[in-house]
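Accompanying notes for the structure given below.
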Amino acid sequence: MGVETPGSQSSLHRANLERVVRAVRMAGSLTQAEIARTTGLSAATVSNIVRELKDGGTVEVTPTSAGGRRARSVSLSGDAGVVVGVDFGHTHLRVAIGNLAHRVLAEDAEPLDVDASAAQGLDRAERLVRRLIEEAGIDPAKIVGVGLGVPGPIDVESGTLGSTSILPGWAGTNPRDDLAARLGVPVHVDNDANLGALGELVWGAGRGAADLAYIKVASGVGAGLVINGQIYRGPGGTAGEIGHITLDESGPVCRCGNRGCLETFTAARYVLPLLHSAHGTDLTVARMVQLAQDGDPGCRRVIGDVGRHIGSGVANLCNLLNPRRIVLGGDLAESGELVLGPIRESVSRYAIPSAARQLEVVPGALGGRAEVLGALALVLSEMGDSSLLDQLPPTVAPALA
């Protein structure tokens, strides 16, 4: 094989191939005109590259329409590889299997004991992954990577999970390396809010927005931040901890040790006890939302108050980052305008007017699947394109030889 030199025709051709493959990989499917707009390549160059990739079996081309005109949709071949998503929540384990064309091939979920150790949880995940792969008739050798979601802060360099009250038996563990050793494939790990943002960005309510924040309100409160189409994690992996914005210095003590954090006014464990006298101690957020939709005044009041507090935190995000869209995830999003209206009211009151005017506040489209689909998207965003291009036969792409 010849050596490519920077600036040579072969290295330029290789770079253009990688740009096209990456654009298609991240979007799932694009028309050739969309590929040209995304990559900045000419229509003629895109047409030639798509022909090479199709002849080499890397992409599939199918007829479609765009703007009322006939077009060709380009997606990665269904045989090019398989990705796995694993999402650990407060009480659940969810696994999804997908291909590089963004098609979900298998998916299942199981209840999870919150007191289970990391080893027990990863045992369950390994068994569920292997079962779904077998039932779907997938060759394990086709797996190119696994995305893993956990509800807690992740050290971006070591992969170690920080302190978490949601899965207390996991603090200080390295679920990335542990699961990689079990499955024998690369594992990419991130927190649940970031994965929710990725899931909604690729498959759901965040599509088409280059700058957004995904707000998840559950046992805790977190935000996944997307800036210029990429997840922003910060150097320590803790960007987006919106739950620890201080709203009241004399407020309740938060698990972080401070007083009056946003989380103490919005998270389930602080909010639901307000309604225990009326609805019992087994009340859940989903049940509270249902009661509110049925007209219960106490539940409607609590949800409205939560929305106003979330809006205060969102206003801070607007003033700092000026996102185009806020996507609300978790069970609370199912309450629709009961929570979204108060969020918008607070944003309008506390955010810089120019930032507030440009902001959309919308419910998530994926519900409880946002994080596991985000885990699939994490693999798609982190994997390289070289292995896909190396599958091209020399007769198809001689410039790569």
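The values are calculated or read from the model by the stated rules, or taken from the named source; none is laboratory data. All figures in this text were calculated on a predicted structure; none of them were measured in a lab. We place every Cβ from the backbone using ideal geometry, glycine too, and count neighbours over all the protein chains shown.
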Practice prompt. For Ala119, state whether it is under 18 Å from the mean Cα position of the chain (by Cα), surrounded by fewer than 17 Cβ atoms within 10 Å (Cβ to Cβ), of a type in the set (Gly, Ala, Ser) and over 30 Å from Ala23 (Cβ atoms).
Written response: no
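Conditions tested, residue by residue: (1) under 15 Å from Pro153 (Cβ atoms); (2) not small (Gly, Ala, Ser).
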position	(1), (2)
Ala223	yes, no
Gln230	no, yes
Ser250	no, no
Leu272	no, yes
Practice prompt. Tell me, please, whether a residue that is touching a residue at least 60 places away in the same chain (Cβ under 8 Å), assigned to a helix (DSSP H, G or I) and under 20 Å from Leu275 (Cα atoms) can be found in segment 333-353.
Written response: no
Item to complete: Looking at (1) of a type outside the set (Phe, Trp, Tyr); (2) in contact (Cβ under 8 Å) with a residue 24 or more places away in the chain; (3) buried (at least 20 other Cβ atoms within 10 Å of the Cβ); (4) assigned to a helix (DSSP H, G or I), find the lone condition where Ile326 falls short.
Response: (4)
Practice prompt. Return a yes/no flag: does segment 270-278 have any residue that is more than 24 Å from Arg207 (Cα to Cα), in contact (Cβ under 8 Å) with a residue 12 or more places away in the chain, in the same structural domain as Arg344 (by TED's automatic domain parsing) and outside any helix (DSSP H, G or I).
Written response: no
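Yes/no matrix, rows are residues, columns are (1) basic (Lys, Arg); (2) out of contact with any Phe, Trp or Tyr (no Cβ under 9 Å at 6 or more places or on another chain); (3) more than 30 Å from Leu359 (Cβ to Cβ); (4) in contact (Cβ under 8 Å) with a residue 40 or more places away in the chain:
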| residue | (1), (2), (3), (4) |
| --- | --- |
| Gly137 | no, yes, yes, no |
| Arg182 | yes, yes, yes, yes |
| Pro186 | no, yes, yes, yes |
| Leu201 | no, no, no, yes |
| Lys216 | yes, yes, no, yes |
| Ala223 | no, no, no, yes |
Item to complete: Read through the list (1) surrounded by fewer than 22 Cβ atoms within 10 Å (Cβ to Cβ); (2) among the aliphatic types (A, V, I, L, M); (3) out of contact with any Lys or Arg (no Cβ under 8 Å at 6 or more places or on another chain), then give the number of the only condition that Leu338 fails.
Response: (3)
Worksheet item: What are the residues in segment 279-297 that are of a type outside the set (Val, Ile, Thr) and either in contact (Cβ under 8 Å) with a residue 24 or more places away in the chain or on the phi > 0 side of the Ramachandran plot (or both), if any?
Response: Gly280, Ala286, Ala292, Gln293, Gly295
Item to complete: Being modelled with pLDDT of 90 or more and within 28 Å of Ile242 (Cβ to Cβ) is the filter; apply it to segment 126-173 and report the residue that is farthest from the chain's Cα centre (by Cα).
Response: Val146
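Across segment 354-368, which residue is surrounded by the fewest Cβ atoms within 10 Å (Cβ to Cβ) among those that are in contact with a helix residue (DSSP H, G or I) (Cβ under 7 Å, 6 or more places away or on another chain) and in a helix (DSSP H, G or I)?
So the residue we want is Ala355.
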Practice prompt. Would you mind stating whether Arg51 is touching a Ser or Thr at 6+ places or on another chain (Cβ under 8 Å), among the basic types (Lys, Arg), farther than 26 Å from Leu366 by Cβ and surrounded by fewer than 22 Cβ atoms within 10 Å (Cβ to Cβ)?
Written response: no
Response to the item:
Considering only strands (runs of 3 or more DSSP E) wholly within segment 30-94, the ones with at least 3 residues that are at pLDDT below 90 and farther than 22 Å from Met383 by Cα are 59-66, 69-76
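Please go through segment 243-292 and give me each residue that is hydroxyl-bearing (Ser, Thr, Tyr) and surrounded by 15 or more Cβ atoms within 10 Å (Cβ to Cβ), ordered by number.
Selection gives Thr264, Thr266, Tyr270.
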Worksheet item: So which of Glu110, Glu157, Glu134 ends up being farther than 29 Å from Val20 by Cβ, outside the structural domain of Gly220 (by TED's automatic domain parsing), loosely packed, with under 15 Cβ neighbours inside 10 Å and touching a strand residue (DSSP E or B) at 6+ places or on another chain (Cβ under 9 Å)?
Response: Glu110
Discussion item. Would you confirm, using the coordinates I've provided, whether Val156 is in contact (Cβ under 8 Å) with a residue 40 or more places away in the chain and farther than 26 Å from Gly222 by Cα?
Written reply: no
Discussion item. Going through Val362, Val379 one at a time, which residue ends up being among the β-branched types (Val, Ile, Thr), farther than 25 Å from Arg269 by Cβ and modelled with pLDDT of 95 or more?
Written reply: Val362
